[in-house]
Amino acid sequence: MRKLQKRYLQAMLASLVVMLASSGLVAAEKRCAAEGKKVECPVQSDKALQAAQDAYDQEANDMASGKAGSTYGIAPFDYLTGVGKRTESTDANTGDSGYAGATGRTELWDRVGKPKEGEAVYNQWTNNWSPSFDHTLVPGADPNEGKQWYYVYCITCHGWTLQGNGPSAVDIDPRPRILTAGDKYMNKKTNLELFTAIKGGGEAVNLSSSMPAWGNFLLDQDIWNIVAWIRAMSDVNPPKSVEEYLNPQSSYKVVKGDINALNYKDSDDFIDAQEMMEIDLGGRGEGALVGGGYVEGGLRKKPEDVADKVGQKY
């Protein structure tokens, strides 16, 4: 009963916010909250987002035509981002990317001399073209695996480097948040707030439904790994060089007592948030996926195993 009452009050408050917003009493730019206070949401300008979308479009056109080179502002960036728009006979700026040639074989085919085995096979490509971490800022969570899920589900809105400038961002209202905005915004969010926003979507944290709920696509451990990836990229600026891109320096400091992948089962706040999200998440049914529980397979490891592993680079 207490949970239902809480849910009812949340719904009433959400309705009130909508009413106030429509009346102009709540400024749109102040709809984000940090440390309990309304703050300006960290988002890109419309001009920047349109330029980003144009760059993505150009990237796709160049790839289809076999043109090498970069459209992201860093000459070798598309080499790093896995597009592989080059061959051994070209450089990162000019030449035939291989995609439009007779063989269709790009430099990606030659990047790893000896294919890796076991778990490493999942990461032998991505960790050639993105940061790889030997530590974590969220105990029990692996930022390297979180990065993998981010690249699958989050780039289209939040962008390659978490700058809120993905190819769809200009078409979304409100705009996707800049996830690297650390000391001004993201570092003031608790791990639980970030976890809840990813699993339950924007509405689970009284924000926009433009942020979808990923709880039916990602297991809880996957989400913790994404939180670790976001923390690892806190206050990391758009890179000016490959060296900067591959070696991000985070401003986030671990908060003592904050909920994490190792201790969440002991947190009443986490349990309450989980109950609210599970009510809203459809398709649970019966079986192993109920409640986003752990399922063997792929890259997934239990938090305790992750804690033992994060000291190793791929």
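Taken over the range 203-258, residues that are modelled with pLDDT of 95 or more and on the phi > 0 side of the Ramachandran plot amount to 1. For the range 165-188, the condition of being part of a loop (DSSP other than H, G, I, E, B), touching a residue at least 60 places away in the same chain (Cβ under 8 Å), under 19 Å from ALA261 (Cβ atoms) and of a type outside the set (D, E, K, R) holds for none of the residues. Within the range 106-118, does at least one residue satisfy the condition of being buried (at least 16 other Cβ atoms within 10 Å of the Cβ), part of a loop (DSSP other than H, G, I, E, B) and at pLDDT 90 or above? No, because not a single residue in the range 106-118 is buried (at least 16 other Cβ atoms within 10 Å of the Cβ), part of a loop (DSSP other than H, G, I, E, B) and at pLDDT 90 or above. Count of the range 221-265 residues, restricted to those that are part of a helix (DSSP H, G or I) and surrounded by fewer than 20 Cβ atoms within 10 Å (Cβ to Cβ), is 5. Please work out if LEU218 is assigned to a loop (DSSP other than H, G, I, E, B) and either touching a Ser or Thr at 6+ places or on another chain (Cβ under 9 Å) or not assigned by TED's automatic domain parsing to the domain that holds ASN260 (or both). No: the conditions fail for LEU218. Assess whether GLY182 counts as being closer than 24 Å to VAL295 by Cβ and either at pLDDT 95 or above or surrounded by 21 or more Cβ atoms within 10 Å (Cβ to Cβ) (or both). Considered against the rule, which asks whether it is closer than 24 Å to VAL295 by Cβ and either at pLDDT 95 or above or surrounded by 21 or more Cβ atoms within 10 Å (Cβ to Cβ) (or both), GLY182 comes out as no. Just one of the listed residues (ALA197, ALA228, ALA141) is under 21 Å from VAL254 (Cα atoms), among the aliphatic types (A, V, I, L, M) and free of Cβ contacts under 8 Å to residues at least 24 places away in the same chain, namely ALA197.
For (1) under 20 Å from SER267 (Cβ atoms); (2) in the same structural domain as VAL255 (by TED's automatic domain parsing); (3) not charged (D, E, K, R), each residue gets a yes or a no:
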{"residue": "LEU162", "(1), (2), (3)": "no, yes, yes"}
{"residue": "TYR185", "(1), (2), (3)": "no, yes, yes"}
{"residue": "LYS188", "(1), (2), (3)": "yes, yes, no"}
{"residue": "LEU192", "(1), (2), (3)": "yes, yes, yes"}
{"residue": "LYS199", "(1), (2), (3)": "yes, yes, no"}
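The values are calculated or read from the model by the stated rules, or taken from the named source; none is laboratory data. Quantities reported herein were computed from a predicted structural model and do not represent experimental measurements. Every residue, glycine among them, receives a Cβ derived from its backbone with ideal geometry; neighbour counts consider all protein chains shown.
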